[in-house]
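Colleague: Take this structure first; my questions come after.
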Amino acid sequence: MALNLRQKQTECITRMLNLNQPVSSSAGTANEEVYKILIYDRFCQDILSPLIHVKDLRKHGVTLYFLVDKDRKPVHDVPAVYFVQPTLINVQRIISDASKSLYDSFHLNFSSSITRPLLEDLASGTLNSDSIHRISKVHDQYLEFVTLEDNLFSLANKNCYVQLNDPSAGDQEIEAIIEKIVGGLFCVLATLAVVPVIRCPRGGPAEMVASLLDQRLRDHLLAKNNLFSEGGNFTSSFQRPVLCIFDRNFELSVAIQHDFRYRPLVHDVLGLRLNRLNVQGEKGGMKTYELDRSDGFWVANGSLEFPEVAVEIETQLGKYKKDVDEVNKRTGGSDGAEFDGTDLIGNTKHLMNAVNSLPELTERKQVIDKHTNIATVLLGEIKERSLDSYAKKEYDMMIRGAIDRTELLGVLKGKGTKMDKLRFAIMYLISTESIPQSEVEIVEAALRESEVDTSAFQYVKKIKSLNVSLASANSASRSNIVDWAEKLYGQSISAVTAGVKNLLSSDHQLAVARTVEALMEGKPNPEIDSYLVFDPRAPKSSTGTSSSHLKGPFKEAIVFMIGGGNYVEYGSLQELANRQLPVKHIIYGTTEILMGGEFVEQLTLLGQKMGYP
């Protein structure tokens, strides 16, 4: 049974809406006869949004829903389900609501484990206001992550890359971020009820997260009634998934490149967020579309190149018209034929069939219209910004490791936004092995001519020069460079420079996909031989060493990218999973889902922090 994160998280939320009572398997919804009110904060609203549509809340007996920070009127004789993060502000708000007797009873659900001091604040606050009897139950839900698809999740930790690579960040700040990431990953594993074998490269944030997560899981497994006791305690290690943790610097290019496939394009160009998209409608107004697993066209064609999607829309439209003509023919009677009783029976049958097929035809037409509209808006952007040219030239640069100077300047002085040009210039830096200083100056001049802020470019240039110095230095001066760089960049210098080398392999696979494939196969491989192994179920002494049973092969993997991920990387891992025989299963998660421009903005911030203009 493959791990399905979306299904598992939805089941947990449904049980929560059923006042944490088991849900009858036949209905699959909370008891709608018990009317209730749902109160959430903004973070938990984002958790709910991709999983349960507002119209579906009624099925779970939720008649009203409010944000916790809004002023609300009392609603008597009705239980309230709170779903909020365990923060001081939220706890104070709950105490205030209880003291005003806003609701009959309070069912408190925290998105992650509430700390002892906050729980004591809640108890003393409700005791002092004589409202503790209104608090029915307090639950830690371990749901502090956003699931966007069956195999895709985000911890929604903003600006993680900047925070981890900020040269001025102190140890405490770094530890707080690592702690937050580990908390989110723990919630994902608790929801799936699996204890994975953890693999990661040495050094940098990936090792810090892996090590702390291993410790957190060990501590938790000591408890008798732990969250993983139902999740197959006795299964052999081969049934367990492998959790592969990487840092964004492992492969920088994926976060910056332009891509020409449908799902990444919709995200990067039109700003898909929480499976929702706002685009200009045909008649001028804005239209909001849901793009999730209920949309068969999106699921089937998300990984296709844009021109193929346009052809597929035409094909679907053709099929739809043919089916409508077929229905019209059947219900229109035979031309010129005498009308008799037998025809009446036949006609009635056809009419019944037509009536039954109408909802399906209407739905198909809505999906076709939706994607026609999205594709039209995308096409406008592609033409205006020459996005096809950016995607092709960046891909060629990564394969060839070079680009003709005329071609390079043609792109930088041609169509496209300032951000498009900056991304292209950084891709040129990353994918070209050695660049003469004169050429770098020409690129910088072209960027300035287009009034582009070059801080991000300067930042990546600095990382690249460090990488070159590290590679060519002898061991004594190398340690000096590393010492100096670690003071400058914080903890992750070895990881920071790695991403400049990790480009497409000869089979054009992304470095992350290539490494995950090797980790799942479990065969000896020089690329991963130095990777650390953590097994939270094994005795502590064996951690970090490579017991053969921990090397796989694995049928299932959870891949986690620290510092931001995107749909390009997600698509690449899904292709890898489907290409294997038998088909493997890969869940992809990241600290936040970022558009290329958003990631480059984080590089810009880092460049400015380092004093670049």
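The values are calculated or read from the model by the stated rules, or taken from the named source; none is laboratory data. These numbers come from a predicted model, not from an experiment. Ideal geometry is used to build each Cβ from the backbone, glycine not excepted, and the neighbour counts take in all protein chains shown. Please note that ligands, DNA and RNA were not included when accessible areas were found on the heavy atoms of the full protein model with its side chains. Shrake-Rupley method; radii C 1.70, N 1.55, O 1.52, S 1.80 Å.
Colleague: For Ile562, enumerate residues with amide H under 5 Å from its amide H, sequence gap 5+ or separate chain, H modeled in the peptide plane.
Modeller: Phe246, Asp247, Arg248
Colleague: Of the heavy-atom accessible surface of region 136-263 (probe 1.4 angstrom), what whole percent is carbon and sulfur?
Modeller: 48 percent
Colleague: Next question, about the same structure. Considering only protein heavy atoms, what is the solvent-accessible area of Thr406 at a probe of 1.4 Å, reported in Å² to the nearest 10?
Modeller: 100 Å²
Colleague: Another question, if that's okay. Packing-wise, with mean Cβ within 10 Å as the measure, how do 268-281, 104-117 rank, highest first?
Modeller: Taking the mean over residues of other Cβ atoms within 10 Å, the ranking is 104-117, 268-281.
Colleague: Would you mind getting the Kirkwood hydrodynamic radius of region 560-606 from its Cα pairs, rounded to one decimal in Å?
Modeller: When all Cα pairs of region 560-606 are included, the Kirkwood radius is 11.8 Å.
Colleague: If I model a spin label at Leu127 and Asp69 as a point 7 Å from the Cα along the Cα→Cβ vector, what separation in nanometres do I get?
Modeller: Once both label points are built, they end up 3.0 nm from each other.
Colleague: When ranked by the protection proxy of mean other Cβ atoms within 10 Å per residue, highest first, what sequence do the peptides 71-77, 179-185 form?
Modeller: Highest mean packing first, the order is 179-185, 71-77.
Colleague: Any chance you could get the radius of gyration and Dmax over the Cα atoms of region 133-198, in Å?
Modeller: 15.3, 50
Colleague: Please give the net charge around Met286, taking every other residue with its beta carbon less than 15 angstrom from that of Met286, where Lys and Arg add +1 and Asp and Glu add -1. Don't jump to the answer; show the numbers that get you there.
Modeller: Numbers: positive: Arg273, Arg276, Lys283, Lys287, Lys370; negative: Glu282, Glu290.
Around Met286, the charge tally is +3.
Colleague: When the convex hull of the Cα atoms of region 81-225 is projected onto a plane and the area is averaged over all directions, what value comes out in nm²? Could the numbers behind the result be given before it?
Modeller: Numbers: hull surface 44.5 nm².
Mean projected area for region 81-225: 11.1 nm², to one decimal.
Colleague: Distance check, please: which entries in Lys413/Lys609; Lys8/Lys224; Lys287/Lys322; Lys421/Lys555; Lys180/Lys540 exceed 31 angstrom between their Cα atoms?
Modeller: Lys421/Lys555
Colleague: What do you reckon, how do Glu290, Glu363, Glu33 stack up by accessible area (1.4 Å probe), largest on top?
Modeller: From most accessible down to least: Glu33, Glu363, Glu290.
Colleague: Still on this model: Run the numbers for Arg202 and Arg405: contour at 0.36 nm per residue of separation, minus the present Cα-Cα distance, in nm.
Modeller: 69.3 nm
Colleague: For Lys180, what is the net charge nearby, where nearby means another residue's Cβ is under 13 Å from its Cβ and Lys, Arg count +1, Asp, Glu -1?
Modeller: My count for the surroundings of Lys180 gives -3.
Colleague: Further, regarding this structure: Just to verify a number: FRET efficiency for Ala445 and Glu363, C-beta to C-beta distance, R0 = 45 Å, to 0.05?
Modeller: Once rounded, the FRET efficiency stands at 0.25.
Colleague: Across 5 Å bins from 0, what is the distribution of all Cα-Cα pair distances for region 1-125, in whole percents?
Modeller: Binned Cα distances yield the sequence 2, 10, 21, 23, 20, 13, 7, 2, 1, 0.
Colleague: Evaluate the distance, in nm, between pseudo-label points positioned 7 Å from the Cα of Glu521 and of Asp77 along their respective Cα→Cβ axes.
Modeller: 6.8 nm
Colleague: Based on the mean of other Cβ atoms within 10 Å per residue, sort peptides 53-65, 84-96, 296-308 so the most packed one is first.
Modeller: The peptides rank, most packed first, as 84-96, 296-308, 53-65.
Colleague: HN-Hα J couplings of region 434-449 from phi, Karplus 6.51/-1.76/1.60, θ = phi - 60°, integer Hz, Gly and Pro as x?
Modeller: Per-residue couplings from phi come out as 10, 10, x, 3, 4, 5, 4, 5, 4, 5, 4, 5, 5, 5, 5, 4 Hz.
Colleague: Please give the net charge around Gly565, taking every other residue with its beta carbon less than 15 angstrom from that of Gly565, where Lys and Arg add +1 and Asp and Glu add -1.
Modeller: -4
Colleague: If I model a spin label as a point 7 Å beyond the Cα along the Cα-Cβ vector, how far apart are those points for Gln215 and Ser530 in nm?
Modeller: 2.4 nm
Colleague: Let me ask something additional. Any chance you could look up the accessible area of Met595 with a 1.4 Å probe, heavy atoms only, rounded to 10 Å²?
Modeller: It works out to around 50 Å².
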